[in-house]
Amino acid sequence: MHALTLKNLTKTYDNGNQALKGIDVSVEEGEFCALLGPNGAGKTTAIGIISSLVNKSGGEVEIFGHSIDAELEAAKACIGLVPQEVNLNLWERVENIVLNQAGYYGLNRRLAAERTEKYLKELRLWDRRKDTARSLSGGMKRRLMIARALVHEPRLLILDEPTAGVDIEIRRSMWEFLRTINEAGTTIILTTHYLEEAESLCRHVAIIDEGRIIEDAPMSKVLRKLQREVFVLTLAEPAAGLQLDGFEVSVRDDGDVEVAIGAGQTLNEMFARLNEKDVTVVSLRNKANRLEELFMRLVDKNDTGAAA
Amino acid sequence: MNLALDLVAIQTLVRKEVIRVLRIWVQTIVPPAITMTLYFIIFGNLIGRRIGTMDGFDYMAYIAPGLIMMSVITNSYGNVVSSFFGAKFGRHIEEMLVSPMSNSAIIIGHVAGGVLRGLFVGALVTAVALFFTKLNVEHPFITISIVLLSSIVFSLAGFINAVFAKKFDDISIVPTFVLTPLTYLGGVFYSISLLPEFWQGVSRANPILYMVNAFRYGILGTSDIGIGTAYAILIVFVVLLFSFCLFLMNRGVGIRE
């Protein structure tokens with residue numbers, strides 16, 4: 001079953017800005033899907049329409065088979081939303097924010113209290129439950145928004161840049177948490193500017209640019225399209241003018257060497273060439289995250305196409 | 001619409017509103033009590049003693065129902081307009097908009113919050129009034145139903161104001177330039193029989209006149225207008241304003257892009 005289906009979804013704002021130009025996306029139940037795109041591509045507009053915060057101009061949206069036109073309340077009941085901007089009532093207590101959200105979804109007070117305790121503990125906010133939201137740090141506010149979105153245990157969780165501005169330790173603990181709830185059956189749609197986050201978590205990726213979907217496929221299939229990867233090598237001795245047969249090599253200002261490995265080439269071959277030249281490699285790293293490289297390539301291609 | 005879900009959602013919203021009112025009691029409860037105490041001291045006690053009686057009642061007793069109604073109206077209106085606009089401004093209105101609670105439930109929950117604050121402050125002002133004068137409730141059903149309907153009308157009006165408001169200034173314009181003048185000219189401090197015939201006619205176009213007088217009738221048993229007319233006007237206003245609120249919510253005016 002499809003958790004989410006968008007058919008020819010369009011949105012034109014009152015100022016004439018055409019944010020979505022007819023997008024089609026399907027997300028399978030249980031999927032962990034990344035919705036990526038540059039700033040202003042239309043990601044937040046699409047999420048706004050799915051969660052009924054933005055009125056669509058045209059097209060269809062179905063959530064677990066419930067059309068937002070015909071069965072809006074049933075569709076909404078399936079969704080949990082973690083928005084991009086902090087939209088907490090900062091004067092309210094942490095526990096009341098989660099309890100109230102449960103109430104808006106029709107959970108009775110006893111169940112609401114149980115779920116509030118469960119998710120505040122899982123997101124490590126239980127000790128702060130009596131505090132007002134304004135007293136929380138940025139990372140805690142993000143976690144509180146996740147607890148709030150999960151309290152009715154939605155089948156589809158939408159996270160719009162949930163780790164923006166969050167330190168790496170908390171980000172990684174949030175990744176673990178999201179993996180766990182996805183494994184438990186919750187479909188997740190994630191937008192993020194940290195592409196290593198999307199690559200690490202998501203099994204499906206949709207890329208949106210200038211209101212159009214320019215890629216929509218499993219992550220593995222998308223990454224296979226990447227024909228070339230660049231590695232940065234730190235060498236034991238400086239190697240000015242280093243050349244390796246069959247490889248594109250460039251020496252950086254800091255003395256490190258960049259080697260591009262194309263389709264059909266292997267790291268073993270690269271090391272064999274380096275051994276031939278008695279070059280000792282101290283460390284090796286990817287120049288860019290694979291998805292990031294592909295993303296830039298797709299978006300650039302789309303921009304070039306649009307300009308043409 | 002899922003009735004069971006909406007009932008829980010409304011309870012939740014009302015509980016949240018009550019907590020909000022009590023949390024900021026210095027802003028919500030204390031000012032009307034102080035203001036009304038000053039009205040009773042200045043208009044009722046100091047000036048009222050020189051006025052004597054109005055419609056056969058001691059002036060202090062005559063103005064008490066109007067002052068109680070004035071506090072109910074302004075607090076019902078003020079609660080909904082500030083709460084709903086605050087939720088819009090802070091964007092936590094989205095907590096409700098993304099949930100399956102119906103638009104009717106969002107309106108009813110906010111209006112119930114406004115009514116509760118209006119009635120609570122009204123009860124407080126009544127207690128203050130009892131320090132200055134004796135009030136015998138002549139018609140309890142009329143008293144309670146009129147105060148309830150009036151509170152609903154102004155809570156709904158506050159909701160509409162909040163829907164259209166884009167900045168904090170917009171939530172004070174209507175209370176300052178519309179509500180306050182209409183309340184003062186709504187027969188709180190005088191009987192319209194004292195006015196020339198033309199101004200009596202003008203006063204009858206003021207809906208607050210009907211609320212104040214019907215409430216006064218409930219407490220004192222005297223009124224400048226027919227009670228049936230007051231009920232008819234209030235019920236029509238409740239239906240019209242609720243329908244308009246629902247229309248605005250369904251269209252997403254001021255809350256959805």
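Nothing in this text is a laboratory measurement; each read-out follows from the coordinates by a stated rule. Please read these numbers as outputs of a predicted model, since none were measured by experiment. Positions of Cβ are backbone-derived with ideal geometry, glycine not excepted, and every protein chain shown enters the neighbour counts.
Antiparallel as a % of all DSSP beta bridges within region A:114-223, to the nearest 5? Walk me through the numbers on the way to the answer.
Values: 6 of 11 bridges.
Just about 55 percent of them are antiparallel.
In nm, to one decimal, how far is the residue B:42 label point from the residue A:168 one, both placed 7 Å along Cα→Cβ?
6.6 nm
Could you work out the helix-only [θ] at 222 nm for chain B, with each DSSP H run of four or more residues adding -39,500 (n - 2.57) and the total divided by the number of residues, to the nearest 500 deg cm²/dmol?
Values: 13 runs with 185 residues, N = 257.
The helix-only estimate for chain B comes to -23500 deg cm²/dmol at 222 nm.
Hey, what did chain B get for relative contact order, percent, Cα under 8 Å, at least 6 apart? Write down the numbers at each step before the final one.
Working: 337 pairs, mean separation 65.9, N = 257.
Worked out over chain B, it gives 26 percent.
If amide H atoms are built 1.01 Å from N in the plane of the peptide, which residues on other chains or at least 5 residues away come under 5 Å of the amide H of residue B:221?
The answer is B:138.
Go through A:121/B:88; A:43/A:221; A:118/B:16; A:11/A:76; A:141/A:287 and tell me which ones have a Cα-Cα distance over 25 Å in this structure. Each step should come with its number before you reach the end.
Numbers: A:121/B:88 29 Å; A:43/A:221 22 Å; A:118/B:16 21 Å; A:11/A:76 20 Å; A:141/A:287 33 Å.
In this structure, A:121/B:88; A:141/A:287 exceed 25 Å between Cα atoms.
Which residue fluctuates the most in chain A, going by a Gaussian network model with Cα springs under 10 Å, if the choices are A:40, A:241, A:165?
The residue that fluctuates most here is A:241.
So for region A:226-291, what are the equivalent ellipsoid semi-axes in whole Å, largest first, each being the square root of 5 times an eigenvalue of the Cα gyration tensor?
On the way: eigenvalues 65, 40, 20 Å².
Over the Cα atoms of region A:226-291, the ellipsoid semi-axes are 18, 14, 10 Å.
Would you mind working out the magnitude of the charge dipole of region A:2-223 relative to its Cα centre, with +1 at each Lys and Arg C-beta and -1 at each Asp and Glu C-beta, to the nearest 20 Debye?
The dipole magnitude comes to about 800 debye.
Based only on Cα atoms, what mean projected area does the convex hull of region B:145-188 have, in nm²?
Working: hull surface 13.1 nm².
Spelled out: convex hull of the Cα atoms, projected over all directions, averaged, 3.3 nm².
With a 10 Å radius around each residue's Cβ, average the other Cβ atoms per peptide and rank A:55-65, A:271-281, highest first.
Values: A:55-65: 17.4, A:271-281: 13.5.
Highest-to-lowest ranking by the protection proxy: A:55-65, A:271-281.
Please compute the net charge surrounding residue A:73, taking Lys and Arg as +1 and Asp and Glu as -1 over other residues with Cβ under 15 Å from its Cβ.
Numbers: positive: A:76, A:155; negative: A:62, A:69, A:71, B:6.
Net charge in that neighbourhood comes out at -2.
With labels modelled as points extended 7 Å from the Cα through the Cβ direction, what inter-label distance (nm, one decimal) is found for residue A:2 paired with residue B:239?
4.4 nm
Please report the projected area of region B:196-257's Cα convex hull averaged over all directions, in nm². Write down the numbers at each step before the final one.
Working: hull surface 23.4 nm².
Mean projected area of the Cα convex hull: 5.9 nm².
Compute for the protein assembly as shown: radius of gyration divided by Kirkwood radius, i.e. Rg/Rh, restricted to C-alpha atoms, rounded to two decimals. Each step should come with its number before you reach the end.
Details: Rg = 31.8 Å, Rh = 27.6 Å.
Radius of gyration over Kirkwood radius for the protein assembly as shown works out to 1.15.
Would you kindly work out the equivalent ellipsoid of region B:3-251 from its C-alpha gyration tensor and give its semi-axes, the square roots of five times the eigenvalues, largest first in whole Å? Walk me through the numbers before you get to the answer.
Numbers: eigenvalues 211, 71, 53 Å².
Taking √(5λ) for each eigenvalue gives 33, 19, 16 Å, largest first.
Would you mind working out the magnitude of the charge dipole of chain B relative to its Cα centre, with +1 at each Lys and Arg C-beta and -1 at each Asp and Glu C-beta, to the nearest 20 Debye?
Values: 16 positive and 12 negative charges, 94 e Å.
So the magnitude is around 440 debye.
Per residue of A:62-73, what is the mean number of Cβ atoms on other protein chains within 10 angstrom of that residue's Cβ? Mind dumping the intermediate values first?
Values: counts 0, 0, 0, 0, 0, 0, 0, 0, 0, 1, 2, 8.
Mean partner shielding for this stretch: 1.
I want to make sure I understand the PRE zone here: with the label point 7 angstrom from the Cα of residue B:134 toward its beta carbon, which residues in region B:199-220 have backbone N atoms less than 17 Å away?
Under 17 Å, as judged by backbone N against the label point of residue B:134, lie B:219-220 of region B:199-220.
Output the relative contact order of region B:48-136, whole-number percent, from Cα pairs under 8 angstrom with separation of 6+ residues.
Numbers: 58 pairs, mean separation 38.4, N = 89.
Computed over region B:48-136, the figure is 43 percent.
List every residue whose amide H lies under 5 Å from the amide H of residue A:20, counting only residues 5 or more places away in sequence or on a different chain, with H placed 1.01 Å from N in the peptide plane.
Answer set, sorted by chain and number: A:11.
Determine the shielding of peptide A:103-115 by partner chains: average, over its residues, the number of Cβ atoms on other chains within 10 angstrom of each Cβ. Working shown, then result.
Details: counts 13, 18, 8, 12, 4, 3, 4, 0, 0, 2, 0, 0, 0.
Averaged over the peptide's residues, the number is 5.
What number, rounded to the nearest 500 deg cm²/dmol, is the helix-based mean residue ellipticity at 222 nm of chain A, given -39500 (n - 2.57) per DSSP H run of at least four residues and division by all its residues?
Details: 10 runs with 109 residues, N = 308.
So the helix-based figure for chain A works out to -10500 deg cm²/dmol.
Taking amide hydrogens as modeled 1.01 Å from N in the peptide plane, which residues meet the under 5 Å criterion relative to residue B:54, leaving out close sequence neighbours?
For residue B:54, whose amide H was placed from the backbone, the distant partners under 5 Å are B:59.
How big is region B:29-101 by Rg and Dmax over its Cα atoms, in Å?
Just the Cα atoms of region B:29-101 yield Rg and Dmax of 19.1, 59 Å.
Percent of Cα-Cα pairs per 10 Å bin, from 0 to the last occupied bin, for region A:2-223, please list those.
8, 34, 37, 19, 2
Check cross-link reach from residue B:134 to the aspartates and glutamates: straight Cα distance under 17 Å, and skip same-chain residues fewer than eight apart.
B:55, B:58
Which whole-Hz couplings ³J(HN,Hα) result when phi for each residue of region B:205-214 is put into the Karplus expression 6.51 cos²θ - 1.76 cosθ + 1.60, θ = phi - 60°, listed in order with x for Gly and Pro?
Once θ is set to phi - 60°, the couplings for region B:205-214 become 7, 8, x, 5, 4, 5, 5, 5, 5, 5 Hz.
Evaluate the relative contact order of chain A (contact order divided by residue number), counting alpha-carbon pairs under 8 angstrom at least 6 apart; express in whole percent. Before the final figure, lay out each step's value.
Details: 547 pairs, mean separation 58.5, N = 308.
Answer for chain A is 19 percent.
For residue A:280 and residue A:177, calculate 0.36 nm times their separation in residues minus their Cα-Cα distance, and state this gained length in nm to one decimal. Spell out each step's value before the answer.
Details: separation 103, 0.36 × 103 = 37.08 nm, distance 4.05 nm.
Between residue A:280 and residue A:177, full extension yields an extra 33.0 nm.
Can you check what the net charge comes to around residue A:7, using other residues whose Cβ is under 12 Å from the Cβ of residue A:7 (Lys, Arg +1; Asp, Glu -1)? Kindly include the intermediate steps, with their values, before the conclusion.
Working: positive: A:56; negative: A:24, A:60, A:62, A:69.
Computed value for this residue: -3.
Can you tell me the alpha carbon radius of gyration of region A:97-167 divided by the globular rule-of-thumb value 2.2 N^0.38 Å? Don't skip to the answer; put the middle values down first.
Numbers: Rg = 11.9 Å, N = 71, 2.2 N^0.38 = 11.1 Å.
Expressed relative to 2.2 N^0.38 Å, the Cα Rg reads 1.07.
Near residue A:105, within a Cβ-to-Cβ distance under 13 Å, what is the net charge of the other residues, with Lys and Arg +1 and Asp and Glu -1? Show your work: numbers first, answer last.
On the way: positive: A:76, A:109, A:115, A:148, A:155; negative: A:73, A:153, B:6, B:95.
Net charge in that neighbourhood comes out at +1.
Using +1 on the beta carbon of Lys and Arg, -1 on that of Asp and Glu, and nothing else charged, what's the dipole of the protein assembly as shown about the Cα centre, debye to 20?
Once rounded to the nearest 20, the dipole reads 2120 debye.
Mind checking the mean number of beta-carbon atoms from other chains within 10 Å of the Cβ atoms in A:83-92? List each step's numbers first, then the result.
Numbers: counts 3, 0, 2, 3, 8, 4, 9, 2, 6, 6.
Other-chain Cβ atoms within 10 Å of each residue's Cβ, averaged: 4.
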